[in-house]
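A quick write-up on the structure given underneath.
The values are calculated or read from the model by the stated rules, or taken from the named source; none is laboratory data. Because the structure is a prediction, the values reported are computed rather than measured. Note that each Cβ is placed from the backbone with ideal geometry, even for glycine, and that neighbours are counted across all protein chains shown. Surface accessibility is based on the protein's heavy atoms, side chains included, excluding ligands, DNA and RNA. Shrake-Rupley method; radii C 1.70, N 1.55, O 1.52, S 1.80 Å.
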Amino acid sequence: MSAAAKARPYKVLITKVGLDGHDRGSRLIAAWLRDAGMEVVYTGPWQSIGAVVATARDEDVELIGISSLATDHRLVPKLMAALAAAGLGQVPVVVGGIVPEDDEAELRAAGVHAVYHPGIGRDEVVAGIAAAIDNARLVSA
Amino acid sequence: MDRVMPESESSRSAEDCRQLCLPGFDAAEAKWREDFARSAPRAAARENRSGIALKPLYSPADWNGQRYLDDLGFPGQAPWTRGVHPSMYAARSWSQRQLVGFGLPNDYRGRLKTLLDTGLTSVSIAPCNTFMRGLDADQVEPELLGTCGVVMNTVDDVATCLADVDLAAYTLNLGDNAPFTLGGYTFAVARRRGVPWSCLAGTSNQSDYLSLFVANHMFYRLALPGQRRMLVDHIAFMAQHAPKWNPLSVVGQHMQQAGATPAEAMAFTLCSALQYAEDCRAAGLDLDAVLPRFSFFFDISISFFEEVAKFRAGRRIWSRLAKERLGAKDPKSWRFRFHAQTSGSDLTQQQPLINIARVAVQAIAGIFGGLQSLHTDAYDEALSSPTEEAARIAIQTQNVLREEAGLTDVIDPMGGSYYLETLTNEMEEKILAVIAKIDAAGGMYKAVEQGLVQRMIGESARRFQDEVESGARTVVGVNRYVVPRKEDRRPPPLPRLSKDALEGHLRRLAAFKAERSALRVAKALDAIAFAAEHREANLFEAVIEAADAGVTHGELCAKAREVLGDGVPLVVV
């Protein structure tokens with residue numbers, strides 16, 4: 001963990017947008033990040049884009065993780081636009097879950113920082129999120 | 001709770017074994033122990049997913065058939081361990097039920113026709129997430145339409161889906177929960193086609209709201225008390241008008257997919273069944289009129305022997321609970337009939353064709369476990385909704401197992417195995433221990449309201465994933481035998497619904513709303529509100545009439561929520 005993180009723990013929002021409610025993945029990721037010393041804001045599923053933007057702003061999170069099993073990730077480009085419009089364009093967004101390759105390209109083009117597929121290891125997720133936040137902190141410093 | 005099984009018999013078994021007059025047993029066993037320790041000095045202790053310690057070998061010291069009639073009996077006889085029917089697959093194969101749902105009603109109709117021609121014997125409708133959430137297609141973001149489950153909103157959409165299906169000849173499986181609009185639409189379509197409801201056979205297979213609330217927040221449209229009330233109405237209606245229909249499928253599949261161990265999933269499911277039976281009794285229903293139509297739905301993981309034992313133990317426990325705790329008199333009330341689906345969470349996105357082998361192994365476990373109906377997953381389900389080729393392979397896998405492999409030649413073919421019978425007894429103990437925990441919390445409804453079940457599932461999911469992380473648990477292609485990503489084969493992406501097709505559907509929905517009688521719709525919605533407010537009315541009856549009057553699913557759910565409250569997920573981290 002970097003010196004910056006020791007001074008101030010990483011603060012991450014883990015959530016689900018859209019219609020699906022499967023939360024095994026989001027609960028697991030939230031637990032892993034907490035174990036790694038991060039502060040996790042966790043919401044239930046079914047969040048609207050407006051609700052995610054509001055939570056991200058109110059809680060002042062440094063990264064947003066969207067968990068998707070049943071194609072709800074297709075809303076993420078709209079989320080990216082809404083974040084930018086709310087002045088939160090600098091907050092990195094990662095997506096994890098079942099994301100077909102064609103859709104991944106679309107998410108990347110919309111500015112999504114990373115897409116995590118099933119089978120990814122804990123260390124890779126934790127390190128990837130920490131690096132994304134470190135980078136965002138450097139940019140904003 | 002009432003004791004439903006005798007104390008562990010392991011010590012007595014060893015004694016029995018000596019009495020079996022197996023001269024030399026002790027000496028031979030001792031020699032084997034020595035030989036084993038010498039040739040495999042570092043053999044690791046093994047444990048199954050439910051946390052049962054496994055020995056390297058089982059023998060008559062563990063199980064010897066002395067209690068055959070008490071523990072096993074014959075198929076179709078108490079305690080039903082060997083199967084719910086005397087003839088099992090000799091008389092009738094299991095139903096080949098595949099979850100089908102994608103695109104628009106016409107797309108669904110086309111896919112269903114292909115699958116029926118491949119040998120599908122049971123029709124299932126998986127509605128899209130919009131429908132699950134109780135919304136119409138014109139109420140959600142267009143990006144989410146037609147990607148997962150079939151888009152439908154009206155009785156006309158269901159009529160299109162089922163246009164090629166003889167409703168009296170196939171069993172129908174509706175992915176639906178309160179307020180049971182899909183059931184209402186189907187029953188309205190049957191009446192229009194002149195098919196009596198008494199001829200309809202099928203299952204409302206997402207009617208177990210507790211499992212949905214706990215495990216995946218799907219189909220969760222009403223607050224818990226409203227769900228509770230509507231399920232009892234649905235059961236009461238079917239008992240009176242459609243006696244061949246299974247209004248309740250008690251689901252362990254969601255909970256196991258969410259991370260519950262096989263023993264936990266079985267225990268929670270049995271606790272839900274007890275809860276629903278008690279709710280029916282409290283509403284004045286005769287249990288022997290409703291229990292024979294309770295059915296169950298489980299996940300089949302790749303933990304082969306554990307799954308076979310889970311099903312055999314579940315059958316035995318339910319028969320005793322139904323008879324001894326619930327006091328049901330009709331032997332049909334004691335039968336544990338179940339549908340099973342191969343586990344999607346055991347499938348990998350990496351090297352997806354390996355999933356065909358995984359699904360075959362899972363399916364065999366389910367068949368040896370004595371299932372009545374089977375869904376085999378398509379190999380590409382870890383990537384997207386199934387492609388047509390993958391869906392066909394999944395059905396052909398069932399055909400291979402049934403007609404080439406000879407798995408159905410003999411009933412309960414693994415019965416009598418020292419290992420399997422011991423494991424069945426041990427799984428039973430594990431399951432009963434979890435049931436006792438839920439009983440102590442005041443039953444399943446209360447345990448779920450408190451988040452107890454959710455926490456237990458979360459802990460098990462975590463433990464499982466930590467084992468994968470540490471390498472203690474092998475997942476081929478993920479943490480062992482990995483191939484580089486660029487060498488990995490990927491199935492083609494599922495085509496997206498075209499913008500034109502989607503707009504056409506939304507236009508048809510608008511036209512449907514414009515053409516119906518506004519007065520009839522208003523009256524039908526009033527009748528929904530009235531029935532929801534009056535406990536003595538049957539709410540499902542009002543739903544069928546609303547379906548016929550042209551009420552859309554979104555309108556119906558909104559009206560039901562006004563009176564019965566909105567379903568809001570309980571967040572348990």
Subject >> Unit charges on C-beta of K, R, D, E only; dipole of the stretch A:1-137, Debye >> reply: 340
**OP:** Give the residues of the stretch A:47-76 whose amide nitrogen is closer than 13 Å to a point set 7 Å from the Cα of A:Ala86 in the direction of its Cβ.
**Re:** A:47-65
**OP:** Compute the label zone of B:Thr408 within the stretch B:51-87: residues whose backbone N is under 15 Å from the point 7 Å along Cα-to-Cβ.
**Re:** B:84-87
Subject >> Estimated vicinal HN-Hα couplings, Hz - the stretch B:428-444 in sequence order (Karplus 6.51, -1.76, 1.60; Gly, Pro = x) >> reply: 4, 4, 4, 5, 5, 5, 5, 4, 4, 5, 5, 4, 5, 7, x, x, 5
Original post:
Between B:Leu116 and B:Ser39, what FRET efficiency comes out of the Förster formula 1/(1 + (r/R0)^6) with R0 = 51 Å and r the beta carbon distance, rounded to 0.05?
Top reply: 0.40
Subject >> Cα gyration tensor of the protein assembly as shown - equivalent ellipsoid semi-axes, whole Å, descending >> reply: 40, 35, 24
Subject >> Using a Förster distance of 22 Å, the FRET efficiency for A:Asn135-A:Ala109 (Cβ separation, nearest 0.05) >> reply: 0.70
Original post:
With point charges of +1 on the Cβ of Lys and Arg and -1 on the Cβ of Asp and Glu, referenced to the Cα centre of chain B, which listed residue (B:Gly451, B:Ala30, B:Asn216) lies farthest in the positive direction of the dipole?
Top reply: B:Asn216
**OP:** Might you report the magnitude of the Cβ-based charge dipole of chain B about its Cα centre, with Lys and Arg at +1 and Asp and Glu at -1, to the nearest 20 debye?
**Re:** 180
**OP:** Step through the residues of the stretch B:286-299 one at a time and calculate ³J(HN,Hα) from phi using the Karplus curve (6.51 cos²θ - 1.76 cosθ + 1.60, θ = phi - 60°), rounding each to whole Hz and writing x for Gly and Pro.
**Re:** 7, 4, 6, 8, 10, 4, x, 9, 6, 10, 10, 9, 10, 8
Original post:
B:Lys446 versus B:Glu278, label points 7 Å from Cα toward the beta carbon: distance in nm?
Top reply: 0.7
**OP:** Could you state the angle between the C-alpha long axis of helix B:499-515 and the longest principal axis of the C-alpha atoms of chain B, as a value from 0 to 90 degrees rounded to the nearest 10?
**Re:** 60
Subject >> Cα-based reach from A:Lys78 at 13 Å (exclusive), listing aspartates and glutamates while leaving out same-chain residues under 8 positions away >> reply: A:Glu106, B:Glu141, B:Glu143
**OP:** Taking the Cα centre of the stretch B:134-260 as origin, sum charge times position over the Cβ atoms of Lys and Arg (+1) and Asp and Glu (-1), and report the length of that vector in debye to the nearest 20.
**Re:** 580
Original post:
In square angstrom, rounded to the nearest 10, how much accessible surface does B:Asp233 have for a 1.4 Å probe?
Top reply: 10
Original post:
Nearest 100 Å², what total accessible surface is buried between chain A and chain B (probe 1.4 Å)?
Top reply: 3500
Original post:
Highest mean first, what order results for B:472-478, A:21-27, B:521-527 on Cβ atoms within 10 Å?
Top reply: A:21-27, B:521-527, B:472-478
Original post:
Under a plain spin-label model, where a point goes 7 Å from the Cα along Cα-to-Cβ, how far apart in nm are B:Arg193 and B:Arg489?
Top reply: 3.8
**OP:** Take the Cα radius of gyration of the stretch B:308-381 and divide it by 2.2 N^0.38 Å, with N its residue count; two decimals is plenty.
**Re:** 1.40
Subject >> Dipole of the stretch A:92-131, positive direction: furthest Cα of A:Gly111, A:Gly121, A:Ala131, with charges on the beta-carbon >> reply: A:Ala131
Subject >> 10 Å Cβ neighbours from other chains, averaged over peptide A:114-123 >> reply: 4
Subject >> Computed FRET value (nearest 0.05) for B:Glu459 with B:Ala510, which takes r as the C-beta separation and R₀ as 41 Å >> reply: 0.25
Original post:
Do the alpha carbons of any pairs in B:Lys31/B:Lys310; B:Lys31/B:Lys430; B:Lys323/B:Lys437 sit beyond 23 Å of each other, and which pairs?
Top reply: B:Lys31/B:Lys310; B:Lys31/B:Lys430
Subject >> Gained length - B:Asp286 relative to B:Asn106, 0.36 nm times residue gap less alpha-carbon distance >> reply: 60.6 nm
Subject >> In degrees, nearest ten, helix B:105-118 long axis to first principal axis of chain B (Cα) >> reply: 40
**OP:** Please report, in Å, the Rg and the Dmax of chain B, where both are computed over Cα atoms only.
**Re:** 24.5, 86
Subject >> Heavy-atom accessible area order for B:Trp334, B:Trp94, B:Trp32, largest first, 1.4 Å probe >> reply: B:Trp32, B:Trp334, B:Trp94
Original post:
Per 10 Å bin from zero, what fraction in whole % of the C-alpha pairs of the stretch A:1-101 is there, up to the bin with the longest pair?
Top reply: 16, 50, 29, 5
Original post:
Under 5 Å between amide H atoms, partner at least 5 residues away or on a different chain: which partners does A:Val12 have, H built in plane at 1.01 Å?
Top reply: A:Glu39, A:Val40, A:Val41, A:Glu62
**OP:** Starting at the first residue of the stretch B:168-183, write each ³J(HN,Hα) from the Karplus equation 6.51 cos²θ - 1.76 cosθ + 1.60 with θ = phi - 60°, in whole Hz, x for Gly and Pro.
**Re:** 8, 9, 10, 7, 10, 10, 9, x, 7, 9, 3, x, 6, 5, 4, x
Original post:
Once label points are set 7 Å from the Cα along Cα→Cβ at both B:Ala159 and B:Lys437, what is their separation, rounded to one decimal in nm?
Top reply: 5.1
Subject >> Unit charges at the beta carbon, dipole of the protein assembly as shown: most positive-side option, B:Gly442, B:Leu285, B:Cys199 >> reply: B:Leu285
Subject >> C-alpha long axis of helix B:262-282 to longest principal axis of chain B, angle in ° >> reply: 50
